[in-house]
Structure formats: C-alpha cells, structure tokens
Amino acid sequence: MTTKSVSTRNIKKPTQGAAPNYQYQILRLMWDSYPWLTIGTAGAGVVSGFASITVIDTINSAMHNAAKRPTLLLAFIDLNIIAILFRNGSALFPSYVSIKIITSLRITLCNKFLATPIEEIDKRGAANVLTLLTNDIPQLTHT
C-alpha cells in the first residue's frame with residue numbers, strides 16, 4: 001500500500017447534495033468572538049427552560065392543593081418573570097454578538113477600502129464599489 005492511497009482513504013468526503021449546517025458555524029463564530037456571551041446565552045436558555053418547567057409544576061400543585069394557592073400564586077408570578085427575563089436574555093445575547101461582528105466587518109472593509117489605491121478603485125468601477133458598500137454587508141446581516 002502506498003502512502004498516497006492511505007492518506008486519501010482516511011479523508012472524509014461531504015455527502016453530495018447535503019446542505020451545510022450553518023448553525024454550528026454561527027455558534028463557532030460566536031464562541032471565537034465572544035465566549036462569555038455564548039456561555040451566557042446557553043445559561044440563560046437553561047434557566048429559562050427550568051423556570052418554565054417549574055411554572056407548570058406550580059400550576060399542577062395549585063390545582064391539587066387549594067390551601068397553598070396564595071403562596072403558589074407568588075411563586076407563579078416570580079417564576080414567570082424569571083422565565084420571561086431569561087428567555088429574552090438568551091435571545092438578545094446573540095443579537096448583540098451579531099451587531100458587534102457586523103460592525104467589525106464594516107470597519108475592516110472600510111479600512112481595506114481606504115488602503116486601496118485610487119487607480120484600483122477606478123479600474124473596478126464606482127458601481128461595483130458602491131454595491132459592495134451598500135448591498136453586500138446588509139445582505140450578510142439578514143442571513
């Protein structure tokens with residue numbers, strides 16, 4: 001067996017026609033850029049989930065134990081507030097990271113644009129440059 005056949009045999013090839021999984025790429029980008037916000041997003045999602053489960057348990061307890069209903073009402077209100085706050089937090093953290101990443105992308109693009117010689121810009125054409133600046137980055141923000 002030759003070395004070439006051994007090295008190419010172990011390479012995994014992507015499934016033909018399969019769509020790439022962008023969720024993991026976005027998670028990787030978020031982790032590389034802001035690891036604490038990624039951990040905060042996951043933690044807020046877990047707390048929100050547990051609070052929602054506890055709300056259901058509180059409703060079940062109130063249905064079966066009429067004597068504890070006043071106490072369970074306060075717990076119900078508190079748990080709903082916690083669930084709403086942490087659910088919103090787990091949704092807002094990725095938005096914040098997205099804004100930061102897009103801002104740094106725009107700054108990098110503008111710095112490259114400013115460093116480009118004017119002859120190169122004239123060669124490419126004003127229409128292509130304006131398309132890049134006005135359409136391409138906003139298109140990235142919507143994907």
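Quick look at the numbers
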| item | result |
| --- | --- |
| Sequence ranges 73-79, 115-121, ranked by mean other-Cβ count within 10 angstrom, highest first | 73-79, 115-121 |
| Total charge dipole magnitude, region 33-141, about the Cα centre, Cβ charges on Lys, Arg, Asp, Glu only, Debye to nearest 20 | 220 debye |
| Sites Asn135 and Asn88 - FRET efficiency at Förster radius 30 Å, r taken between beta-carbons, to 0.05 | 0.45 |
| Relative contact order [Cα under 8 Å, 6+ residues apart], region 51-130, whole percent | 26 percent |
| Ordering of 64-71, 29-36 by burial proxy (mean other Cβ atoms within 10 Å per residue, highest first) | 29-36, 64-71 |
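A short reminder: the numbers here are calculations on the coordinates, not readings from a lab. As the structure is a computational prediction, the values presented were derived from the model and not from experiment. As a convention, Cβ positions derive from the backbone with ideal geometry for all residues, glycine included, and neighbour counts pool all protein chains shown.
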